[in-house]
Amino acid sequence: MPLQNLLTCPFCIYGAGIVASSAYMAIKTLYNRNPLFFLVSDPKDQGGSMEQTPAEIDGIMVKTLSEWAGEVQGITPELEIPQYYLVATPEAHHDAIKATLLSSKTVAIKDEQVILFTSELENRLMEEYYRKVEGCTTAFSIIAKARVHEKNVDAVEEMDVAACAPISGSKLPSIQIFQAKSHIDKQLRSQSAVASYVYPIQVGAALTDRRIVDLQDNQGDNISVKNRNYCELTATYYAWKHSHAAYKGICHYRRIFDIGEQQMQRLLEMKQEWDVILPYPSIHYPNISAQHSRYVKEADWNAMLRALEEVAPEYLNAYEKSVAAGEQFFHNFNMLIAKAAVFDDYCDFLFRVLKRTEEMTTPKGWERADRFAGYLGENLTTIYFLKNHDKWKIVYAGKLWLI
């Protein structure tokens, strides 16, 4: 495992966002190892603003490339040089960052010194962190447990199939995961085989005549026209109103669950072990209370809190006891796989709050196209599962970023 190199040698982490903070907190907690510093691009390469980059994380300095270059040029015997550079950013930026590091004229960096924090590496680290440190149930641990019941692989305990309509083409007829895709999605450089239980759905289909997949989100009861604001949540709404599968869920055109066909088969065999599967939460330092400010205007955030107080006061109480009190774990991406009853309860909460929030914003939510409802959805997802942590059997799993 490449991260083993960090256990004995000085290293730095390239990045200062949620990927970097999650990697840092897990490495620190599991191995008692800290980076020398965090490294980030210069302001001109971040769109000219350092607003979203902290000056330090947990007391460890965040340095720009130019600042680091200046220190190296004026090198002193006390200056420690990283032996490894862990690139912990969204994977779409990995190649460019690696090229920048390898082309550095101030410090010689070799290819083997750059460790890319890929989806696979992140999943392995987060698996170890959540299973060993937090004592959480993970999809991997359930799959391992299912191997004990190898003789029952061909019998999926009926899965209540009689109560749900078969899904054409799937080898697992009781589960339907919708993969949100849009006609304005960026072209992916990488592809990954999609399991038969995953069904691409075109989101925002009401906003264009172009058709990119067979299924669209503008059929029947839908909010397709709100896609510029709700993002992948228009697919979530469609699944809520139209899917009759015993298990249903949502993923994205570039973010999918790292759960293959056979692995899902085993999870379904062990249905008594879980109610919902979520991606590993990101770990924020010092907490997630300011997460919304990166993407949501304060007036919109306050409108959401007023909506919570009005339509779901028990969740406002949960927010005040968790998020506002210093919670570190955040459920990103509006992704989940859940038993139908859990999925529908989650959607009932989510869309009631978002609808009322839209009514309270200025301008009204349906008059806008700034994705604020999608971002609020991540926060509401976090609040919902923090509130229901003891009610539902929550399981965590890895995700794959397609670039």
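The length gained by stretching the chain between residue 145 and residue 355 to full extension, at 0.36 nm per residue less their Cα-Cα distance, is 71.5 nm. Under a 5 Å amide H cut-off, with hydrogens placed 1.01 Å from N, residue 115 pairs with 85, 86, 87 among residues at least 5 apart or on other chains.
Once the Cβ-Cβ distance between residue 56 and residue 214 is put in as r, and R0 is 45 Å, what FRET efficiency do you end up with, to the nearest 0.05? Calculated value: 0.35. Once the mean of 1/r is taken over each pair of separate Cα atoms and inverted, region 280-320 shows a Kirkwood hydrodynamic radius of 11.4 Å.
Using every pair of distinct Cα positions in region 350-389, the Kirkwood expression returns a hydrodynamic radius of 10.7 angstrom. Legend: calculated FRET efficiency, residue 124 to residue 362, from the Cβ-Cβ distance at R0 = 45 Å, rounded to 0.05, equals 0.50. In the elastic network of the chain, a GNM with C-alpha springs shorter than 10 Å, the most mobile of 326, 249, 74 is 74. Between the Cα long axis of helix 119-128 and the first principal axis of the chain there is an angle of about 80°, rounded to the nearest 10.
Enter the angle in degrees (range 0 to 90, nearest 10) between the Cα long axis of helix 372-387 and the first principal axis of the Cα atoms of the chain, meaning the one along which they spread out most. Around 80 degrees separate the two axes.
In the chain, the DSSP-assigned H stretches of four residues or longer account for a calculated mean residue ellipticity at 222 nm of -10000 deg cm²/dmol, using -39500 (n - 2.57) per stretch and the full residue count as denominator. Taking the 1.4 Å solvent-accessible surface of the chain as the whole, the part contributed by carbon and sulfur is 49%.
Under 5 Å between amide H atoms, partner at least 5 residues away or on a different chain: which partners does residue 327 have, H built in plane at 1.01 Å? Excluding prolines and chain starts, which carry no amide H, the hits are 288. Across the chain, the fraction of Cα-Cα pairs farther apart than 34 Å, rounded to a whole number, is 33%.
Both radii come from the Cα set of region 1-147: Rg as radius of gyration, Rh as Kirkwood radius; their ratio Rg/Rh reads 1.00. Note on the chain: with charges restricted to the Cβ of Lys and Arg (+1) and Asp and Glu (-1), its dipole about the Cα centre is near 500 debye. Simple rule: put +1 on each Lys or Arg Cβ and -1 on each Asp or Glu Cβ in the chain, find the dipole, and look at 8, 338, 52; the Cα lying farthest toward the positive end is 338.
Placing +1 on each Lys and Arg Cβ and -1 on each Asp and Glu Cβ, with no other charges, gives region 253-403 a dipole about its Cα centre of roughly 300 debye. Once C-alpha pairs closer than 8 Å and six or more residues apart are averaged by separation and normalised to the residue number of region 283-391, the relative contact order reads 41 percent. In a simple Cβ point-charge model (Lys, Arg +1; Asp, Glu -1; nothing else charged), region 176-301 has a dipole of about 400 debye relative to its Cα centre.
Couplings for region 309-314, taken from phi via the Karplus curve 6.51 cos²θ - 1.76 cosθ + 1.60 with θ = phi - 60°, read 4, 7, 9, 8, x, 5 Hz in order; Gly and Pro are left as x. Which residues among region 11-33 fall inside the zone where the amide N is under 16 Å from a point 7 Å beyond the Cα of residue 107, along Cα→Cβ? Within reach of a label on residue 107: 11-16.
Shown in residue order for region 395-402 are the 3J(HN,Hα) couplings computed by the Karplus curve 6.51 cos²θ - 1.76 cosθ + 1.60 at θ = phi - 60°: 10, 10, 9, x, 10, 10, 8, 9 Hz (x for Gly and Pro).
Work out the P(r) tail for region 244-350: percent of alpha carbon pairs separated by more than 20 Å, whole number. Roughly 53 percent, once rounded to a whole number.
For the chain, what relative contact order do you get, as a whole percent, if you take Cα pairs closer than 8 Å and at least 6 residues apart? The normalised contact order for the chain reaches 18 percent.
Maximal additional length on extending the residue 4-residue 186 stretch stands at 62.1 nm, based on 0.36 nm per residue less the C-alpha distance.
Backbone phi angles across region 15-24, fed through the Karplus curve with coefficients 6.51, -1.76 and 1.60 (θ = phi - 60°), yield HN-Hα couplings of x, 8, x, 5, 5, 5, 5, 5, 4, 4 Hz in residue order; Gly and Pro are listed as x. The label-point distance for residue 196 and residue 33, in a model that sets each label 7 Å from Cα toward Cβ, rounds to 4.2 nm. A dipole drawn for region 1-125 from +1 and -1 charges on Cβ atoms has a positive end, and of 88, 18, 32 the residue lying farthest that way is 32. Backbone amide hydrogens, once placed in the peptide plane, bring residue 176 within less than 5 Å of 247, 248, 249, excluding anything fewer than 5 places away on its chain.
The values are calculated or read from the model by the stated rules, or taken from the named source; none is laboratory data. Please read these numbers as outputs of a predicted model, since none were measured by experiment. Note that we place each Cβ from the backbone using ideal geometry, even for glycine, and neighbour counts take in every protein chain shown. Heads up: the accessible areas ignore ligands, DNA and RNA and are worked out on the full protein's heavy atoms, side chains in. Shrake-Rupley method; radii C 1.70, N 1.55, O 1.52, S 1.80 Å.
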